[in-house]
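Novice: Just passing along the structure, written as structure tokens.
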Amino acid sequence: MHQEGILGVLGGMGPQATNTFYQRIIDRTQAESDQEHLRVLIWSDAKIPDRTAGILGTPDQAEAVYQHLLADAKLLERAGCTVLAIPCNTSHYFADRLQGELHIPLIHMIRETVSAIRAMGKTTVGILATDGTVRTGIYQQALEAAGLTPVTLPAQLQRVVMSIIYDEIKKGETGSREKFGEIDAYLRQAGCDCAILGCTELSVYRSLHSLPPYYIDAMEILAEQAILRCGKALRNV
């Protein structure tokens, strides 16, 4: 029997984003039958403390988030997963530390996204993400290391992004097109030739609304990498 990888998904951040991520895995896998799809073990742990609140809070709060993520990652490792995906951009603040405690590879969502953008020939890249992701600089550092120019939003528009994420998508709403339009106008005026959807709630927004290829979805890139690293081919869409 051909040995294929077993994908572990550490999810629940949030639950809808995890559901959307698995749908992307199904949609992008080249498969003609049930048996040709990936074996996937999803642990959707909605009790993980809020990542932005933890990272921007006290050291004890940040450590609590990390320890919860580590326990969940080890659970998936013990269950036989051979590769790990975490469909949450903000949690990748802890990614290298987590990898140091694991014996299976963790797909680094941020670095894979930046690598894909560089391969597209983009140069000036907008970042749409949580306060936690933006303020830790994980995307800015990765983009600069790749020779690209990161662009973050002014405080007023960053609050709009957080409102779409927390006040709308995480509450089960579809997200305001009007609010997103304000963000889009700023990015284009600022000279960005693309923008990263760097929060999985924004990936959910993309699945509910028609967004142009200008927006690079980090969740989509993570799904593609997960499929490839488990030994399967991508379906063209």
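Novice: Ordered by residue, what ³J(HN,Hα) values in Hz, to whole numbers, does the range 172-184 give under the Karplus form 6.51 cos²θ - 1.76 cosθ + 1.60, where θ = phi - 60° and Gly and Pro are x?
Specialist: Per residue, the Karplus-derived 3J(HN,Hα) values read x, 8, 8, x, 7, 5, 5, 4, 5, x, 4, 5, 4 Hz.
Novice: With charges only on Cβ, +1 for K and R and -1 for D and E, what is the dipole size of the chain about its Cα centre, in debye, rounded to 20?
Specialist: 180
Novice: Rank 194, 49, 158 by how far each Cα sits towards the positive end of the charge dipole of the chain (+1 on Lys, Arg Cβ; -1 on Asp, Glu Cβ) and give me just the farthest.
Specialist: It is 194.
Novice: Here is a follow-up. Out of residues 5 or more away from residue 42 or on other chains, whose amide H comes under 5 Å of its own, with H placed 1.01 Å from N in the peptide plane?
Specialist: Residues meeting the criterion, in which the H sits 1.01 Å from N, are 9.
Novice: Cα centroids of the range 123-154 and the range 32-109: how far apart, whole angstrom?
Specialist: Going from one Cα centre to the other spans 22 Å.
Novice: Now a separate question. Test of understanding: express the Cα radius of gyration of the range 1-110 as a ratio to 2.2 N^0.38 Å, with N the residue count.
Specialist: Here the Cα radius of gyration is 1.10 times the empirical estimate.
Novice: Give the residue list of trypsin sites (Lys or Arg not before Pro) in the range 135-237 that are DSSP loop and have at most 14 other beta-carbon atoms within 10 angstrom.
Specialist: Those that pass, being in a loop and sparsely packed, are 235.
Novice: Follow-up question, since we're still on this one. Using the Karplus curve 6.51 cos²θ - 1.76 cosθ + 1.60 with θ = phi - 60°, work out ³J(HN,Hα) for each residue of the range 98-107 in order, rounded to whole Hz, and write x for Gly and Pro.
Specialist: In residue order, the calculated couplings are 4, 4, x, 9, 10, 9, 10, x, 9, 5 Hz.
Novice: Given 0.36 nm per residue, what is the gain on full extension from residue 228 to residue 39 after removing their alpha carbon distance, in nm?
Specialist: Additional length available on full extension: 66.8 nm.
Novice: Then there is this: Of 224, 168, which has the most accessible area and how do the rest follow, probe 1.4 Å? Show your work: numbers first, answer last.
Specialist: Numbers: 224 50, 168 20 Å².
Sorted by accessible area, descending: 224, 168.
Novice: With a 1.4 Å probe and all protein chains left in place, how much accessible area per residue does the chain have, in Å²?
Specialist: 45
Novice: Where does the chain land at 222 nm, in deg cm²/dmol rounded to the nearest 500, when only DSSP H runs of n ≥ 4 count, each adding -39500 (n - 2.57), divided by all residues?
Specialist: -14000 deg cm²/dmol
Novice: Enumerate the amide H contacts of residue 197 below 5 Å, restricted to partners 5 or more residues apart or on another chain; note that Pro and chain-start residues carry no placed amide H.
Specialist: Hits under the 5 Å cutoff: 216, 217, 218.
Novice: Mind checking which lysines have their C-alpha under 26 Å from residue 74, skipping anything on the same chain fewer than 8 residues away?
Specialist: Straight-line reach from residue 74, under 26 Å: 47, 232.
Novice: With axes computed from alpha carbons, what is the tilt in degrees of helix 109-119 against the longest principal axis of the chain, rounded to the nearest 10 within 0 to 90?
Specialist: 70
Novice: Here's something else I'd like to know. Run the accessible area of the chain with a 1.4 Å probe and give the carbon-and-sulfur part as a rounded percent.
Specialist: 49
The values are calculated or read from the model by the stated rules, or taken from the named source; none is laboratory data. Bear in mind that the values here come from a model prediction, so they are computed numbers and not experimental data. Note that we place each Cβ from the backbone using ideal geometry, even for glycine, and neighbour counts take in every protein chain shown. For the accessible areas, the whole protein counts, side chains as well, though only heavy atoms, and no ligand, DNA or RNA atoms are used. Shrake-Rupley method; radii C 1.70, N 1.55, O 1.52, S 1.80 Å.
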